[in-house]
1. Rank-order 147-159, 65-77 by packing density, defined as the average count of other C-beta atoms within 10 Å over each peptide's residues, highest first.
2. Could you derive backbone 3J(HN,Hα) for the stretch 53-64 from the dihedral phi with the Karplus parameters 6.51, -1.76 and 1.60 (θ = phi - 60°), listing whole Hz in sequence and x where the residue is Gly or Pro?
3. Hey, can you rank 114-126, 20-32 by average C-beta count inside 10 Å, highest first?
4. HN-Hα J couplings of the stretch 42-50 from phi, Karplus 6.51/-1.76/1.60, θ = phi - 60°, integer Hz, Gly and Pro as x?
5. Just to be sure I understand the model, the point goes 7 Å from the Cα along the line to the Cβ. What's the resulting SER99 to VAL152 distance in nm?
Amino acid sequence: MLKIIVAHYTIFLWGLLKPLGAWGVLAIAALDGAFIGMPVDAAVATYVYQDPAHLLWYALMASLGSTLGSAVVYVVGCRGGEELLRKRIPAERFKRIHSAFQQHPFWSLMLPAMLPPPTPFKLFSLAAEASEMGIIRYLLAIFSGRVLRFVVLSVLTIKFGPQALHLTANVFSKHIHLVLFLVAASAVVWLLRWKQARVKRTALLQ
């Protein structure tokens with residue numbers, strides 16, 4: 001019964017926000033980021049397919065909205081996020097996530113932010129706050145991950161049409177471990193190259 005009510009409520013909100021264009025994308029993403037499930041990917045794909053010239057604008061607005069909505073999750077986390085998180089996931093998994101945030105806080109949040117549903121992203125958001133991640137780094141990590149996610153989705157939508165949304169969802173659901181591995185590996189390679197370039201620049205300046 002609750003799922004039916006939520007589904008009808010989502011359709012109602014989508015009907016209200018759809019005519020608003022990019023501002024509607026921002027509002028939908030903000031609501032989704034703040035615990036209210038909304039079809040953000042479908043909204044972005046729809047607008048981009050109808051208006052491909054403004055691909056980047058829609059991706060940025062969706063990313064900004066999702067980041068603003070996630071600020072609500074951060075506030076909730078400040079008021080008992082760790083206790084809520086411990087109730088939602090096994091103790092061993094909590095320790096692994098907490099350890100990851102202690103070692104690599106930015107990447108531990110940015111990588112999940114890049115991934116589409118059904119990634120339990122709000123759990124990672126609560127874990128970030130429970131690990132005492134600063135609000136600026138928290139918001140920047142989410143925005144960076146969301147920009148990559150929505151730009152990739154937009155490019156795939158232009159190339160393959162609206163069915164790109166279902167294609168990415170199927171690939172992710174069937175090969176979740178492979179996707180996570182590839183994303184993590186890409187991030188590690190990029191980080192290593194960035195550190196090497198930084199060391200070279202420092203050596204040249206000395």
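1. So the order, starting with the most tightly packed, is 65-77, 147-159.
2. Here the 3J(HN,Hα) series is 5, 9, 3, 5, 5, 5, 5, 5, 5, 5, 5, 5 Hz.
3. Details: 114-126: 19.2, 20-32: 21.0.
Listed from highest to lowest mean packing, they are 20-32, 114-126.
4. 5, 5, 4, 4, 5, 5, 5, 5, 7
5. In this crude label model, SER99 to VAL152 measures out at 2.6 nm.
Each reported figure results from applying straightforward, stated rules to the coordinates on display, with no laboratory input. Note that this is a predicted model, so its numbers are computed, not measured. Please note: Cβ atoms are built from the backbone with ideal geometry, for glycine as well, and neighbour counts cover all protein chains shown.
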